[in-house]
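The values are calculated or read from the model by the stated rules, or taken from the named source; none is laboratory data. As the structure is a computational prediction, the values presented were derived from the model and not from experiment. Cβ atoms come from the backbone with ideal geometry, glycine included; neighbour counts cover every protein chain shown.
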Amino acid sequence: MRELKLMKGNEAIAEAAIRAGVDGYFGYPITPQSEVMETLMAEKPWETTGMVVLQAESETASINMVYGGAGCGKRVMTSSSSPGVSLMQEGLTYLAGAELPCVVVNVVRGGPGLGTIQPAQSDYFQTVKGGGHGDYKLITLAPASVQEMADFVELSFDLAFKYRNPVMILSDGVIGQMMEKVELNEQKPRWTEDYINENYPWATTGKKANRAKNIITSVQLEASVQEEFNHKLQAKYRSVEENEVRFEEVMCDDAEYLIVAYGSSARICQKSIEIARAKGIKVGMLRPITLYPFPTEQLMKRAKQVKGMLSVEMSAGQMVEDVKLAVECSVPVEHFGRFGGSVHSPGEVVEALEQKLIGG
Amino acid sequence: MSDINTIIKPENLIYKRTDVLSDNDLSYCPGCGHGTVHKLIAEVIEEMGIQDTTIGIAPVGCSVLAYNYLEIDWQQAAHGRAPALATAVKRLMPEKNVFSYQGDGDLAAIGTAETIHACNRGENIVMIFINNGIYGMTGGQMAPTTLPGMAASTCPHGRDVSHDGEPIKISEILAQLPGTCYVTRQSVHTAANVRKSKKALRKAFENQQANKGTSLVEIVSNCNSGWKMTPIKSNEWMEENMFPYYPLGDIKNQ
Amino acid sequence: MKEEIIIAGFGGQGVLSMGKILAYSGVMQDMEVSWMPAYGPEMRGGTANVTVILSDERISSPILHEYDTAIILNQQSMDKFEKDVKPGGTLIYDGNGITRHPERTDINIYRVDATAEAARMHAVKTFNMIVLGGYLQVKPVVEMENVVAGLKKSLPERHHHLIPMNEKAITRGGEVIKEVSMVK
C-alpha cells in the first residue's frame, strides 16, 4: 500500500535521503531550510540505516565534509540557504575540480547579503553560471512540489555518480516550507564497500595491493595538464547537455504566448495560466526541471510558434538571459518577477503578461 | 675477494627503505623537514600494517603534493579544510585509519575553525602539523606562527606584535579541548629527535585504533628557503629561536 | 471541489496547526492539498497566516491573492485580508479584540467567538479547534471522521489523549458560529 504523508519540502528531502540509503548528511542551520537537519536528527537514521548525520561548525566545514565523504565513494549531501551556499562556493568548485559526486540543496531566500528569510530565486546565476572559480558546471534540478523535493534526492545522486559531478537541488523558501502530500519510496540499503570498490574504483577506501593508490585532487600545477583536464570536463558537460535536459510543458500546443518559469514560480504561473485562459489569452508554460542543462532546444522550437515569452522568476531577471540566448532574438522575451523575498501572485503575473507582451 | 653480491643477502639487511614511500623525487627543498616526516609516517604505516586501510588528507601549502610520496589513498583538501574532510572520511568509514597533514597556515590560520571543531568533537583522527613559522610554498610570507621580530616577505621589517599579534600556540590551545587525547610537539632535526617523532606518530595512530579521540603531532621544522639560511644554519636558528617559543615535548597525553 | 482558504491571526493562536489539521483531513479524504505558511519572523510572535487549499484536482499555485474563505482571528488580519475574499466568498472571524468589524456586502460573513467559548470551556488551547468547527459547519468540505483521522496524523502520539477534547471543541464550534450577514 502506498504511504501518503503530509510534509514540508524540507522534511521530504530528509525522509527521502534516509530511504534512498544516503550515507551521510553534513549541515549547518539556516532559515528557511533548518527542517532538513532537524528532521534527520529526530529520525536518528544512524540507528537504522547507519547514515551519518553531523552538524558542522559552518557551511564551509559541511561542504568540505561532503568532499571527504564523496571522495570515499559515499553518497553524501548537505543543504543550506543562500548565504550559507555562498560560503560553500569554494567547496563546490573543489568538488567539481576533483570530479566528486554529491548533492547540495539550496532552499533559496532573498539577498544580497544577509537579505531576508523569505523565498527568492535570485541564486540562479550563482548556481548555473559558476559561483565558484574556474570553468565548471553544477547539474541543477529545480523541484516545483514537495513530491519533487523527495523524488529529486535519489535522481540527483544517480546523476552525480553517473557524471562524477556535484548536483544542486535549487529550491526556495516556498517549496521548502509548504506542506503537500508525498509518497515516499521503500527503504533502500546503503552501498557496501565492495559495491563502491567495484563500481567506483576511484574511491579512496584504502589502497589495495592489486591497484595503484587513489588520489582525489583538483590540483594540476602543469598548465598543459590542467588544460587537458578542462577539455575532459567540457566533454563531460557536453554529454550532460545532450542527455539530461528535463522540462515540463503546460498547455503549449495552442499557445500564442509562453511563460518560462521554474520551481515555486512555475506553480504560481500555472494558476496565472488558468486565469489568463479564462480571459481568452492563449498562454502556455515551459518549466525547466533542469536549469543546467537548460532546455535551449525546446525553447527555440516554441519560439517558432509563439508571439513572445515571459520569464517569470523571483529575481531581478536572471534566467531571462538564458531564455534570450536560447531563442536568439527570434521573439520578444520579457522578464517579470517580485524579488528580495516578495512573491508574485498569480494575478500579478497575468497583469505583467498583458502589459509587457500582449499590450506592448 | 669481496664481491658485492656476497654482501647483498637478506641476512645482512639492517635497514630497508619502506615500500610505503613512493619512488617519486621529493619536491621539497634540500634540508627541509617534510621529507623526514613523510618517511616516518610511511614507516609507521608499514610497521602497523595499515597501508591498505589508511587515508591521508593533504593540505594546501608545500605538502599539497604529499600524495605523490606515500603509497596510500589520498584526498587533497582545500586550504585549511583537511580536518573537515578527515572528519567525514573517519565517520563514514570508522574502521579505517585517517590522518591529516597540514602546515601552520593551513591548520592555524585559514583552517582554525575546522581544526578547533574537529578537535573539540574529538574526531578519532591523527592530525600532523608541520610548524615552520612561515608560508613556504607561496614564497615566505608571514604565518600565524612567525616569531616576534622574525622577517617574512609580508613583514619584511620583522613581525610587529602590536600590529600582527603574537604568534599563535595552536597546540596549547587544542590541548585545552576535551576531545584531544594526545598533543605533542616534536622535531626532526637530529637523529634523536627523529626517533622521538616516530614514537609520537606511532602513538597517535595507536590512539586512533583505540578510539581515544584526536591526536595532534606538531613537528617544529625549519624552512631554510623561506628563512633564507643554509639548512645547517636554519636548524641552529630553530633551536635558538623556535624551541624557546615552541618548547618540545608532550603537551597532553591521556 | 476546490476550496482556497487563508487562516490569519496572532502567532500562538494555533493558526498553522489548525491549517495542518485541515490539510491532513483533506489527505484522509483523498483530496489534493497544500499548506503554505507565511513563515518569517511571525514564528516568533506577531501575525501568522497560512494558506490551505483543498481540491479534487492537482493544485497549481500554493500562493494566492484571493480566497474562497478567510478565517480571521485578529484586527491586523482583518485589515489585510477582508478585501482578498472572492466576491460571493466567506469570511469567518472571532470578535475578540476586533475594533473594526467586516464591512463588505458582497460576501457571506460569520462570527465564531472562539476565544470566549474556549475560556468558558476551560480549554483555552482548543481555541483553534472551535474555529475549525465553526468553519466546517459553514463549509463542510471534509467529513468529521476524516478530521479525526487528520488530527491523529498531525498530532504527535504523546498528544493523542487530547483528541476527544479537540473533537468536543470542533463540535462546539459548529454550535456557536453565527451568521452576521449574507450576500445581498
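Key figures for this structure:
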{"quantity": "Residue in the stretch B:50-61 that is touching a residue at least 60 places away in the same chain (Cβ under 8 Å), within 14 Å of the chain's Cα centre (by Cα) and crowded, with 24+ Cβ neighbours inside 10 Å present", "calculated": "yes"}
{"quantity": "Search result, residues across the stretch B:112-141 that are of a type outside the set (A, V, I, L, M, F, W, C), farther than 24 Å from B:Gln254 by Cβ and either modelled with pLDDT of 95 or more or buried (at least 24 other Cβ atoms within 10 Å of the Cβ) (or both)", "calculated": "B:Asn132, B:Gly133, B:Tyr135, B:Gly136, B:Gln141"}
{"quantity": "Some residue of the stretch A:308-316 being at pLDDT 95 or above, within 14 Å of chain C (Cβ to nearest Cβ) and in a strand (DSSP E or B)", "calculated": "yes"}
{"quantity": "Filter result for the condition that a residue is crowded, with 24+ Cβ neighbours inside 10 Å and small (Gly, Ala, Ser), over A:Gly21, A:Gly50, A:Gly9", "calculated": "A:Gly9"}
{"quantity": "Close pairs from the stretch B:114-129: first at the interface with chain A (Cβ under 9 Å from one of its Cβ atoms), partner at pLDDT 95 or above and assigned to a strand (DSSP E or B), Cβ under 7 Å, at least 6 apart", "calculated": "B:Ala118/B:Thr214"}
{"quantity": "The stretch A:196-238, residues that are assigned to a loop (DSSP other than H, G, I, E, B) and surrounded by fewer than 12 Cβ atoms within 10 Å (Cβ to Cβ)", "calculated": "A:Ala209, A:Asn210, A:Arg211, A:Ala212, A:Leu221, A:Glu222"}
{"quantity": "Qualifying residue in the stretch A:216-234 (condition: under 30 Å from A:Arg302 (Cβ atoms) and in contact (Cβ under 8 Å) with a residue 24 or more places away in the chain)", "calculated": "yes"}
{"quantity": "Per-region count, the stretch A:322-346, residues surrounded by 15 or more Cβ atoms within 10 Å (Cβ to Cβ), part of a helix (DSSP H, G or I) and either without any contact (Cβ under 8 Å) to a residue 60 or more places away in the chain or within 13 Å of chain C (Cβ to nearest Cβ) (or both)", "calculated": "4"}
{"quantity": "Among (1) over 25 Å from B:Asn97 (Cα atoms); (2) modelled with pLDDT of 95 or more; (3) among the hydroxyl-bearing types (Ser, Thr, Tyr) - the single one B:Tyr182 does not satisfy", "calculated": "(1)"}
{"quantity": "Elements of type helices (runs of 4 or more DSSP H) contained in the stretch C:95-184, each with 2 or more residues being within 23 Å of C:Asp79 (Cβ to Cβ) and either within 14 Å of chain A (Cβ to nearest Cβ) or of a type in the set (A, V, I, L, M) (or both)", "calculated": "C:114-120, C:127-138"}
{"quantity": "Residue that is nearest to C:Phe127 (Cα to Cα), among those in the stretch C:69-85 that are over 12 Å from the mean Cα position of the chain (by Cα) and touching a residue at least 24 places away in the same chain (Cβ under 8 Å)", "calculated": "C:Asn74"}
{"quantity": "Flag for A:Ile275 being within 14 Å of another protein chain (Cβ to nearest Cβ), assigned to a helix (DSSP H, G or I) and over 21 Å from A:Ala120 (Cα atoms)", "calculated": "yes"}
{"quantity": "The stretch A:131-178: number of residues that are modelled with pLDDT of 95 or more and either part of a loop (DSSP other than H, G, I, E, B) or polar (S, T, N, Q) (or both)", "calculated": "19"}
{"quantity": "Some residue of the stretch B:74-82 being more than 12 Å from chain A (Cβ to nearest Cβ) and either farther than 29 Å from B:Ala143 by Cα or surrounded by 24 or more Cβ atoms within 10 Å (Cβ to Cβ) (or both)", "calculated": "no"}
